[in-house]
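Okay, structure first, notes after.
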Amino acid sequence: MAASSDVHVRICGQEIIKYDLEIKALIQDIRECPGPQSELMDLNSRVKEKFGQLRLRIENLEQMAKEQDKETDKLAILSESESHRKQMLSNQTAWRKANLACKLSIDRMEKEELLHGGGASVRQRKTTKESLAQTSSGITESLMNISRMMSQQVQQSEETISTLATSSRTVLETSEEFKAMTGTIHLGRRLITKYNRRELTDKLLIFLALALFLATVLYILKKRLFPFM
């Protein structure tokens, strides 16, 4: 059971790291978002969803810590969950700053278009958008690759849990069979002891009967052969 608990804790930690990386990637996308406002709103919606998932997994980790038998394990997991909470707060701060910077950038670009207009401004904004999109795409792809690797590790850990559960069931079944065999052996031993005692008693009774028989025969012979005695 302890091994299974350790695997659950490790899987939970890996999922927290995965959500943390996904949030960082989305925050980077917000920093480099060229607009419009609808795209920024979509990114913020995805960030909120990831924060909700991250917060839930951190709470799960804290609950696992409370269920630990050893105080050292409990404190270690609580320390890890506290570190994840601090990282989450740091991400929330970075998210707010990225939103502010993005909104200011979008407002500035819109004002420049209104003030200057013309093809040059449009081309410049298009080039800026393309450059930002390429940079954002590269960073996001790298972070998502890491996220996929973490997902694979989570899957492998889940398979390990399944294997451990199967092994645990096998051990329990073997233990039950061993207990049943032990009971049968004890019962056989008691029966053998009982039969040995019965055999000894039977031999003693036979010996006493034989002695009584011989004594009777001797008495009869004595009376017949030596009636005067």
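Annotation for the range 187-229: chymotrypsin sites (Phe, Trp or Tyr not before Pro) lying in DSSP loop with at most 15 further Cβ atoms inside 10 Å of their Cβ are 228. Between residue 216 and residue 6, the modelled labels are 7.9 nm apart [label points 7 Å from Cα along Cα→Cβ]. With the cut-off at 24 Å, tell me which of the pairs 18/86; 24/74; 24/103; 50/70 have Cα atoms farther apart than that. The pairs that break the limit, which is 24 Å between Cα atoms, are 24/74; 50/70. Rolling a 1.4 Å probe over the protein heavy atoms leaves residue 69 with an accessible area of roughly 150 Å². In percent, rounded to a whole number, the relative contact order of the range 1-54 is 42, using alpha-carbon pairs under 8 Å and six or more apart. Full extension of the chain segment joining residue 37 with residue 174 gains 42.9 nm, where the gain is 0.36 nm per residue of separation less the Cα-Cα distance. Can you pull the accessible area of residue 15 for me, 1.4 Å probe, Å² to the nearest 10? Estimated to the nearest 10 Å², residue 15 gives 40 Å². Subtracting the Cα-Cα distance of residue 108 and residue 225 from their residue separation scaled by 0.36 nm leaves 27.4 nm.
The values are calculated or read from the model by the stated rules, or taken from the named source; none is laboratory data. Remember, it's a predicted structure, so these values are computed and weren't measured experimentally. All Cβ positions, even for glycine, are placed from backbone atoms using ideal geometry, and neighbour counts span all protein chains on display. Only protein heavy atoms, including side chains, enter the accessible area calculation; ligands, DNA and RNA are left aside. Shrake-Rupley method; radii C 1.70, N 1.55, O 1.52, S 1.80 Å.
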